[in-house]
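Novice: Pasting a structure here, questions to come.
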Amino acid sequence: MFTGIVEEIGEVVSLTAKGDSAVLRVRVGRVGQDVTHGASIAVNGVCLTVVGQTGGRPDAAAELDFDVMAETLARSVIGSLAAGERVNLERAARVDSRLDGHIVQGHVDGTGVLLARTPGDEWDAVRFGLPDGLARYVAEKGSIAVDGVSLTVTAVGDDWFEVGLIPETLRATVLGAKAVGDAVNLEVDVLAKYTERLLGFSSATKSE
């Protein structure tokens, strides 16, 4: 589980295809200092498992390898990453720490496209497109993870939503450099999905 509070920005070293899967290698900083084989890291909001590591000394950056399965390549923009691209990184949440964002599983529900960006004095208003089937889970003042960043929805339509990016988010995440037309990973609030599922069972029971 994650919180959607990005710890640092990493750099893609390579994405190597292996049949219908791939191996992603990312250069990291402090995120690699205490990572072990099998650890979970959110890469642009996608929960991936560390399967290899080089470096990681206090005076050197580490490179982490992740297996990326076909389902992840199909549902996220991980498959379009190229060497040199920057990615948001977050280690799994600790049970003894504050939950500063919201509950983020790292299970991407789909991808969206940045539709418009309006700079303000201290923050940017950004509109993203919503793919079919996800709009019903997004509510004004609710939470959504965009490339793994926990954000509050400021407005929502049938096929779009807007968020406000504060200076810290612009500085500390890759969202600060996203341009119109760029694709992003989206994860809606898991509570909304479970609520829909429970209501579906309740309706089915009443109709029997």
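Novice: Using only Cα atoms, locate the centre of the range 1-50 and the centre of the range 133-192, then give the distance between them in Å, rounded to an integer.
Specialist: Here the two parts' Cα centres lie 21 Å apart.
Novice: Among 12, 186, 123, whose Cα lies farthest out toward the positive end of the dipole of the chain, if unit charges sit on the beta carbon of Lys, Arg (+1) and Asp, Glu (-1)?
Specialist: Farthest towards the positive end: 12.
Novice: Compute the distance in nm between two label points, each set 7 Å from the Cα along the Cα-to-Cβ direction, one at residue 94 and one at residue 199.
Specialist: Calculated label separation equals 3.8 nm.
Novice: How large is the helix-only mean residue ellipticity at 222 nm for the chain, computed as the sum of -39500 (n - 2.57) over DSSP H runs with n ≥ 4, divided by its residue count, in deg cm²/dmol to the nearest 500?
Specialist: Mean residue ellipticity, 222 nm, calculated: -4000 deg cm²/dmol.
Novice: Kirkwood-based Rg over Rh for the chain (C-alpha set), two decimals?
Specialist: Rounded to two decimals, Rg/Rh equals 0.99.
Novice: What three numbers, in Å, describe the spread of the alpha carbons of the range 62-168 along their principal axes, ordered from the longest?
Specialist: Principal extents (largest minus smallest coordinate, Cα): 37, 34, 28 Å.
Novice: Another question, then. For the range 8-91, state what percent of all Cα-Cα pairs lands in each successive 5 Å bin, counting from 0 Å until the bin that includes the largest distance.
Specialist: Taking every Cα pair in the range 8-91, the percentages come to 3, 17, 30, 29, 15, 5, 1, 0.
Novice: Which value, in debye to the nearest 20, describes the size of the charge dipole of the chain about its Cα centre when Lys and Arg Cβ atoms bear +1, Asp and Glu Cβ atoms bear -1, and nothing else is charged? Can you show the working numbers first?
Specialist: On the way: 19 positive and 30 negative charges, 49 e Å.
So the magnitude is around 240 debye.
Novice: Also, I was wondering about something else. If you build the convex hull over the alpha carbons only and average its shadow over all orientations, what do you get for the range 110-195? Give it in nm² to one decimal.
Specialist: Dividing the Cα hull surface by four gives the mean projection, 5.1 nm².
Readers should treat all values here as calculations from the given coordinates under stated rules, not as data from a laboratory. What you see is a predicted model; the values in this text were computed from it and never measured. Cβ atoms come from the backbone with ideal geometry, glycine included; neighbour counts cover every protein chain shown.
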